[in-house]
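Take a look at the structure below.
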Amino acid sequence: MPAISHTRVWLILLAITAATYWIGEAGLSGHGSMGPVLAMFALAFVKGVLVCLDFLELRHAPALWRWLVVGWLALVLALILLAYWVSLR
């Protein structure tokens, strides 16, 4: 059964990658618009969490490790988003 789960996660990751590619190619990101940028960061966070939980096997690790890794990911993305927001001012 794990192969089916990993395959499903991989397909979700492919769909998210296609969505972020579409946002970038459609010209929705940039130009002072925060909506598409927030969507791309949210998708990046979801991708990161899926990779951490399913491919780094943190889903079966102690909760402390899951919180540390996901928290680190959230912190890094928040700092990058803050830097982007400051650059718009």
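The values are calculated or read from the model by the stated rules, or taken from the named source; none is laboratory data. Note that the structure is a prediction, hence the values are computed from the model and not measured. When we count neighbours, we look across all protein chains shown, and the Cβ atoms used for this are built from the backbone with ideal geometry, even at glycine.
Within segment 52-78, if we keep just the residues that are touching a residue at least 24 places away in the same chain (Cβ under 8 Å) and surrounded by fewer than 16 Cβ atoms within 10 Å (Cβ to Cβ), the residue that is nearest to Arg8 (Cα to Cα) turns out to be Phe55. Return yes when Ser33 is touching a residue at least 12 places away in the same chain (Cβ under 8 Å), hydroxyl-bearing (Ser, Thr, Tyr), at negative phi and exposed (fewer than 13 other Cβ atoms within 10 Å of the Cβ) and no when it is not. No. Counting only helices (runs of 4 or more DSSP H) that sit completely within the chain, those holding 2 or more residues that are modelled with pLDDT under 95, of a type in the set (Val, Ile, Thr) and over 15 Å from the mean Cα position of the chain (by Cα) correspond to 2-25.
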